[in-house]
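Single-structure report; data block below.
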Amino acid sequence: MTNAWYGVIKYAKLLFVLVLAGALYAYAMFQGGFVSWFLFYSILTVILFNLLFVLFPLRWIDIERTCSKNILAHGEQITVRLTMTKRFAFPLVFISIWDHVPYGLEGTGRPSGTIYFFSMAKTVTYEYDVKGVRRGEYRFKQIHLQAGDLFGFFTKDYESPVKSTLLVLPKIQPLFGWQPSSDEQSDDVAISRRTSEEAYSIAGARDYVPGDRMTSIDWKATARGGKLVTKEFESQKGEGYLLIVENLMQQKDEETFEAVIECAAALADENRSRGISLGLAFSSEQNAVMEEAGGISHFKAMYERLAVARIESNKKGAAPFFKKVPASNSLLFVTSSLSSERIEELQSYLWYGREVTICLVETNMSDTGGNRDMLLNLRKQGMRIFTARTQADGIKLI
């Protein structure tokens, strides 16, 4: 009904323009003189321009979207540029261009579109900024164009299918209290760390972050650049962890799952800075999605995989990953709760000689009192247990 009524209004406007032109022509013929003919030719010019506007398809306008970066850190701001190019310089009275920004990306004040009046340029550009406030993969699908004539008799709309993808990485917070098992088993931690670093090959360098070991500082690069630079090492194969993220939940609690992902990202970043290799797995998948490795590119790919992780619902609580024994000797399990089924699955790994470390993320729904006895019992069985508590300055492991 709405489309039919819109068509009636559109044809009524056209009829009004034609009647107006006919009336002015009759007035000029009977009245004569400069004024009457001036009015007729003026309205005739408008009619011809509107006719050209009706015949001009908006799909002849090429639209391009470019982003300053395709991968964003959490909270990072980027610039999106919209470029509109006409195939020939047709004078449009007004044309608006609006980008459809996916939910989850936050604007920074400037709108995602604008309106150009009487633009004769073949190419115009518009820029706006967005900020990644929530991890995930965001897909831009289309850009909306709208143009109209001088009097608003006719408007045209066109959705240009311009696709782009942005990836927002999970929030990486400082981690306090993490101790790899090798540190706990060593009688002299400093000697153990120095020895392990000597066995690693240097993978690269980065700016110093408070908490980095003094033995890892590249003093030559520091002297050249005038600022502290930390060396990063490639891990030796088989000396790291398989990071297992619990993404099977009976109820989809996004806030709790985000806390689990942020803890997993913090653990990955801390192990990267220590030169410890890491693999990645999810409880909903049968096999590990990333094997144990080290290096900047490996951890970058791990952050990207964590960025797109989603909750999988499973009412029975069965986890496909725990149906077989993984090849990794050291397992690092990150979860917000421990069911009886999951405890039994983790206990079975102890029987196969695997080292199991559990990182239990505290949330508003956590049963602190009920977990205390259970965690004490698991520690007695040989598991390493950490409780992750989010604070203002980072995540603390207790």
*Which of the residues spanning the range 298-324 are part of a helix (DSSP H, G or I) and either within 19 Å of V168 (Cβ to Cβ) or of a type in the set (D, E) (or both)?*
F299, K300, A301, M302, Y303, E304, R305, L306, A307
_Complete set of residues in the range 79-89 that are of a type in the set (A, V, I, L, M) and either surrounded by fewer than 17 Cβ atoms within 10 Å (Cβ to Cβ) or in contact with a helix residue (DSSP H, G or I) (Cβ under 8 Å, 6 or more places away or on another chain) (or both)_ = A89
_Options S277, S328, S340, S283: the member that is surrounded by fewer than 20 Cβ atoms within 10 Å (Cβ to Cβ) and hydroxyl-bearing (S, T, Y)_ = S340
*asked:* Of the conditions (1) of a type outside the set (K, R); (2) surrounded by fewer than 18 Cβ atoms within 10 Å (Cβ to Cβ); (3) in contact (Cβ under 8 Å) with a residue 12 or more places away in the chain; (4) over 24 Å from M383 (Cα atoms), G294 satisfies every one except a single condition; which number is it?
replied: (2)
_Of the residues L58, L52, only one is surrounded by fewer than 13 Cβ atoms within 10 Å (Cβ to Cβ) and either over 30 Å from K86 (Cβ atoms) or modelled with pLDDT of 75 or more (or both); which?_
L52
*Residue by residue through the range 303-316, note down the ones that are under 20 Å from A259 (Cβ atoms) and touching a residue at least 40 places away in the same chain (Cβ under 8 Å).*
Y303, E304, L306, A307, V308, A309, R310, I311, E312, S313, N314
*Among the residues of the range 135-154, write down those that are touching a residue at least 60 places away in the same chain (Cβ under 8 Å) and either in a loop (DSSP other than H, G, I, E, B) or within 32 Å of the chain's Cα centre (by Cα) (or both).*
R135, G136, E137, F140, I143, L145, D149, L150, F151, F153, F154
*Could you grab me the full set of residues in the range 282-309 that are modelled with pLDDT of 95 or more and either touching a Pro at 6+ places or on another chain (Cβ under 7 Å) or among the charged types (D, E, K, R) (or both)?*
Y303, E304, R305, L306, A307
*Failed condition for I143, given (1) touching a His at 6+ places or on another chain (Cβ under 8 Å); (2) closer than 30 Å to R310 by Cβ; (3) surrounded by 15 or more Cβ atoms within 10 Å (Cβ to Cβ); (4) at pLDDT below 95, with all others met?*
(4)
*Go through the residues of the range 159-170 one by one and say whether even a single one is of a type in the set (V, I, T) and farther than 27 Å from L58 by Cα.*
yes
*asked:* Condition first: assigned to a helix (DSSP H, G or I) and buried (at least 23 other Cβ atoms within 10 Å of the Cβ). Now tell me which residues in the range 240-261 satisfy that.
replied: V260
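One line per residue, one yes/no per condition, for (1) farther than 25 Å from A307 by Cβ; (2) at pLDDT below 90:
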{"site": "S112", "(1), (2)": "no, no"}
{"site": "S119", "(1), (2)": "yes, yes"}
{"site": "T123", "(1), (2)": "yes, no"}
{"site": "R139", "(1), (2)": "no, no"}
{"site": "F153", "(1), (2)": "yes, yes"}
{"site": "E159", "(1), (2)": "yes, no"}
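The values are calculated or read from the model by the stated rules, or taken from the named source; none is laboratory data. None of the values given here were measured: they were computed from a predicted structure. All Cβ positions, glycine included, derive from the backbone under ideal geometry; neighbour counts span all protein chains shown.
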